[in-house]
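Working notes for the structure below.
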Amino acid sequence: MNEKYIKKLIRLVEESDIESLEVSSWGRKVRITQRLSASSNGSGDSPAVLQPIVTATSTTTSEPAPPAVVPPTPAEAPPVEDTGRQVAVKSPMVGTFYAAPSPEANPYVSLNEKITVGQVVCIVEAMKLMNEIESEVSGRVAKILVENAQPVEFGQELFLIDPAG
Amino acid sequence: MNNSHLEKLADTILSRIRRRPGRPVSIKSLSRSLKIEAGEIRAALTVLKTLGYKIRHRKETITFVAAPDSLIDTEIAYQLATKVIGRRIRAYRSVKSTNDIAAQMAQGGEPEGTIVTAEAQTAGRGRLGRVWHSPAGSGVYVSIILKPSFKPDLAPGLAIMTALALAEAMTVFTKGEVKIKWPNDILIGGRKAAGILTELSAEKNKVEHVIVGVGINVNHRSEDFPAELQKIATSLRIANRRKASRINLLKQFLRNFEKEYRRYQKGQLATSRKRVLRFSSLLGENVELRFGNKTVSGRVVDIDATGALIIEKDGIRRPVTSGEVSVVKA
């Protein structure tokens with residue numbers, strides 16, 4: 001547990017809003033705590049200041065402690081499931097998602113269907129402008145993330161396509 | 001008119017004789033200056049008459065009387081005076097959908113501004129595949145190819161921009177009350193007289209093309225509409241109790257469109273918003289917007305520069321971009 005590593009831990013804590021972090025490695029333990037000293041809804045006289053406090057202790061046990069896992073910052077939160085190989089089809093604009101070209105028609109694609117690159121997978125509509133959304137990859141429709149006639153945001157994921165299919 | 005030698009000749013003769021409407025032009029001098037036989041002139045005149053041009057044909061002279069109120073490319077281009085919109089024209093008598101043809105052309109590299117027109121549509125579409133009624137010779141059906149450099153999220157506002165250009169053009173041809181029903185219908189006296197269908201083709205964060213399709217009821221009689229539409233649809237002819245010029249209306253619209261499109265590319269509806277509001281049938285109304293199984297309600301207080309409808313409820317304003325609008329009567 002060198003200085004560089006501890007500094008890195010401090011930075012991790014500073015950048016997050018967790019109060020304390022304890023890491024033990026090979027019999028050495030370090031705990032970093034920070035006071036989230038001010039709140040923005042207070043009197044407003046002081047901005048939020050983060051003050052990391054480092055307390056390092058040496059344990060006497062010879063038994064090596066298992067390496068602890070550093071909790072990830074929220075931005076680095078892992079996906080709920082393994083979607084590493086799946087490609088998301090995203091909405092290019094704010095609008096309403098339509099799965100089919102008309103209320104009576106069949107949906108453009110259904111779950112587990114094999115699709116090809118450039119195939120229309122849905123419509124996103126705003127101000128009656130019909131935006132036919134195409135898949136950028138060939139593969140299998142692994143997940144449909146929105147319902148018909150649901151409002152969607154810019155950049156929102158609509159489908160997950162598994163290129164390995 | 002295009003391609004064939006005879007049609008080109010007909011175009012040339014037409015441009016000569018229409019310079020001075022009502023004034024006879026000597027066939028002899030025409031044949032001399034164009035270096036063609038009198039027989040060819042006669043053949044070309046037959047072409048023009050078939051297209052609906054009224055031409056007085058005497059032994060020695062021909063006289064231009066009137067152009068037909070038809071959506072033929074020569075007539076659309078005649079004194080159109082736009083720079084981009086309508087620079088190239090593909091005019092059809094009857095097609096399934098001008099939007100579909102325009103989209104195909106756009107995909108094949110057709111430049112911005114090209115228009116596709118038709119006298120009638122056999123499969124004209126409204127929103128989500130609803131059929132738009134379009135009998136022969138009474139309406140104006142036009143689709144405009146756009147290839148803007150802005151991002152796809154700015155494309156929806158084009159519907160509002162188009163509605164403004166169309167409403168102002170229609171106002172020239174009727175004393176009836178022309179209104180924009182957000183986002184894509186034009187009403188006269190509360191009944192639908194025109195509709196707009198914009199379609200976007202985009203890839204990632206880039207617009208490939210936008211097709212702006214417009215259908216206008218010009219010379220429909222009430223009985224031209226199916227029974228279920230007669231109470232909700234109208235035309236310029238029904239409103240004015242006389243026919244209107246389809247070709248002049250189309251040209252007026254194209255000129256307005258070019259101006260508004262130039263403004264829109266600079267700052268969306270920033271400079272046109274006030275005129276949009278003046279035409280809006282929903283301003284100040286309590287409305288309900290349904291999309292899917294969700295409903296949003298409130299009072300319409302504004303339309304912003306992106307074209308979104310601003311709804312106020314309990315003092316909170318929110319923009320709305322989708323939904324079927326209905327006015328709630330208090």
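The values are calculated or read from the model by the stated rules, or taken from the named source; none is laboratory data. Predicted, not measured: the structure shown is a model, and the values here were computed from it. Cβ sites come from the backbone with ideal geometry, for glycine too, and all protein chains shown count toward neighbours. Quick note on the areas: whole protein, heavy atoms, side chains included, nothing else; ligands and nucleic acids left out. Shrake-Rupley method; radii C 1.70, N 1.55, O 1.52, S 1.80 Å.
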When the charge dipole of segment B:3-66 is computed with +1 on Lys and Arg Cβ and -1 on Asp and Glu Cβ about the Cα centre, the Cα farthest towards its positive end, among B:Leu51, B:Ser33, B:Ala10, belongs to B:Ser33
Measuring from its Cα centre, segment B:14-158 shows a charge dipole (+1 at each Lys and Arg Cβ, -1 at each Asp and Glu Cβ) which, in debye to the nearest 20, is 680 debye
Non-local residues with an amide H under 5 Å from the amide H of A:Phe159, with H modelled 1.01 Å from N and Pro and chain starts lacking one, are A:Val89, A:Leu145
Gyration tensor on Cα atoms of segment B:248-330, a ≥ b ≥ c root eigenvalues, a/c under 1.5 rounded, else prolate if a/b beats b/c, else oblate, says prolate
Out of B:Ala244, B:His220, B:Asn293 - ranked by how far each Cα lies towards the positive end of the dipole of segment B:219-330, with unit charges on the beta-carbon of charged residues - the top one is B:Ala244
For segment B:3-66, the accessible surface attributable to carbon and sulfur atoms (probe 1.4 angstrom, ligands and nucleic acids excluded) amounts in percent to 51 percent
Per residue of A:119-127, other chain Cβ atoms within 10 Å number on average 6
Residues other than B:Ser149 with Cβ under 11 Å of its Cβ, Lys/Arg counted +1 and Asp/Glu -1, net out at +2
Heads up, segment B:28-125 by the C-alpha gyration tensor (a ≥ b ≥ c square roots of eigenvalues; a/c under 1.5 rounded, else a/b over b/c prolate, else oblate) looks prolate
Losing no less than 30 Å² of accessible area (probe 1.4 Å) relative to the isolated chain, the residues of segment B:281-302 are B:Phe291, B:Gly292
Within 10 Å of the Cβ of an average residue in B:203-210, the count of other chain Cβ atoms is 2
Of the candidates B:Ala67, B:Ala136, B:Ala102, the farthest towards the positive dipole end of segment B:23-172 (Lys/Arg Cβ +1, Asp/Glu Cβ -1, centred on the Cα centre) is B:Ala67
Within 10 Å of the Cβ of an average residue in B:235-247, the count of other chain Cβ atoms is 0
Largest fluctuation, B:Thr12, B:Thr171, B:Thr114 only, Gaussian network model of chain B with Cα springs under 10 angstrom, belongs to B:Thr12
Total charge of the residues flanking B:Ile72 in space, meaning their Cβ is under 15 Å from its Cβ, with Lys and Arg +1 and Asp and Glu -1, is +3
Computed for chain B: size of charge dipole around the Cα centre, +1 on C-beta of each Lys and Arg, -1 on C-beta of each Asp and Glu, debye to nearest 20, value 1260 debye
The A/B contact buries a total accessible area, at probe radius 1.4 Å and rounded to the nearest 100 Å², of 2200 Å²
Mean accessible area per residue over segment B:286-327 (1.4 angstrom probe, all protein chains present, square angstrom) is 49 Å²
For chain B, Rg(Cα) over 2.2 N^0.38 Å is 1.11
For segment A:76-162, the dipole about the Cα centre with charges only on Cβ (Lys and Arg +1, Asp and Glu -1), to the nearest 20 debye, works out at 140 debye
Classified through the alpha carbon gyration tensor (a ≥ b ≥ c as square roots of its eigenvalues; rounded if a/c is under 1.5, else prolate when a/b is larger than b/c, else oblate), segment A:76-162 comes out oblate
Other residues with Cβ under 11 Å from the Cβ of B:Ala91 give, with Lys and Arg +1 and Asp and Glu -1, a net charge of 0
